[in-house]
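Okay, so here's the structure we're looking at.
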Amino acid sequence: MPSSAKYSLQTLTRLSVLLAGAIALRLIESAFAYLLPLPGAHLGLANCVTIIVLYMYTTGQAALFLTARILLVGLLFTGLLTPGFTIGLGGALFSFIFMALAVKHNWFSAWGIGLLGAFCHNCGQIMVAAYLMSTAAIFSYLPFLLLLGIPTGLFTGFLAKIFLDRFAQIQ
């Protein structure tokens, strides 16, 4: 039996709409990347959709969602298996693991999950970049990314919380 048989049509449709939203947010974010002072830095708007999916669906479904998001964004923006894709993938996987654990154990609110995701994403990116470049010098960039990650992480958590609260009202 195909693995998609365990998901209802409603679940697949909602996840697809959320995936399209995450990709659209990433596109919008790319248009405004010049506003951020650090090269390679992004607001992480697509991560607010990942937070929403983590709260609304199982960890496995969220992992499937994130995999599709990473591959589609890679195809559309950076190219698959490029250094930029690999660095972003490392950050996304590292942050997903910690966000999934935090949601599962109810360690933080959506705001805290956004902040944790930004922190872990930046750390994961720097670790992968250091490996790819074979130098630890890139870790000197981490404090700047973390400082930028505080407001952006809180903002993505805030957006996710608004969506989750509104969605709960209509359910």
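The values are calculated or read from the model by the stated rules, or taken from the named source; none is laboratory data. Nothing here was measured: the structure is a model prediction, and the numbers come from that model. Note: ideal-geometry Cβ built from the backbone for every residue, glycine included; neighbour counts use all protein chains shown.
The residue that is surrounded by the fewest Cβ atoms within 10 Å (Cβ to Cβ), among those in region 96-129 that are under 13 Å from TYR55 (Cα atoms) and among the β-branched types (Val, Ile, Thr), is VAL103. Scanning region 131-157 for residues that are more than 11 Å from LEU115 (Cα to Cα), of a type in the set (Val, Ile, Thr) and either outside any helix (DSSP H, G or I) or in contact (Cβ under 8 Å) with a residue 60 or more places away in the chain (or both) gives a single hit, THR135. Please go through region 136-171 and pick out each residue that is of a type in the set (S, T, N, Q), modelled with pLDDT under 95 and touching a helix residue (DSSP H, G or I) at 6+ places or on another chain (Cβ under 9 Å). Selection gives THR152 alone.
Close contacts from region 49-75, counting a first residue that is closer than 21 Å to LEU27 by Cα and a second that is at pLDDT 95 or above and part of a loop (DSSP other than H, G, I, E, B), with Cβ to Cβ under 7 Å and a gap of 6+ residues or different chains, come to none at all. Output the residue which, of all residues in region 71-95 that are surrounded by 19 or more Cβ atoms within 10 Å (Cβ to Cβ) and of a type outside the set (Phe, Trp, Tyr), is farthest from GLN169 (Cα to Cα). The qualifying residue farthest from GLN169 (Cα to Cα) is ILE87. The residue that is surrounded by the most Cβ atoms within 10 Å (Cβ to Cβ), among those in region 130-171 that are among the aliphatic types (A, V, I, L, M) and within 15 Å of the chain's Cα centre (by Cα), is ALA160.
Tell me, which helices (runs of 4 or more DSSP H) wholly within region 26-116 include 2 or more residues that are touching a Ser or Thr at 6+ places or on another chain (Cβ under 8 Å) and farther than 18 Å from ARG14 by Cα? Let's see the steps before the verdict.
Working: elements: 45-56, 59-73, 83-104.
Per the criteria, 83-104.
Are any residues in region 104-127 β-branched (Val, Ile, Thr) and under 14 Å from the mean Cα position of the chain (by Cα), and if so, which ones? Listed by number, the list holds a single entry, ILE113. On the given criteria, is ALA46 touching a Lys or Arg at 6+ places or on another chain (Cβ under 6 Å), within 30 Å of GLN171 (Cα to Cα) and at pLDDT below 95? Criteria met by ALA46.
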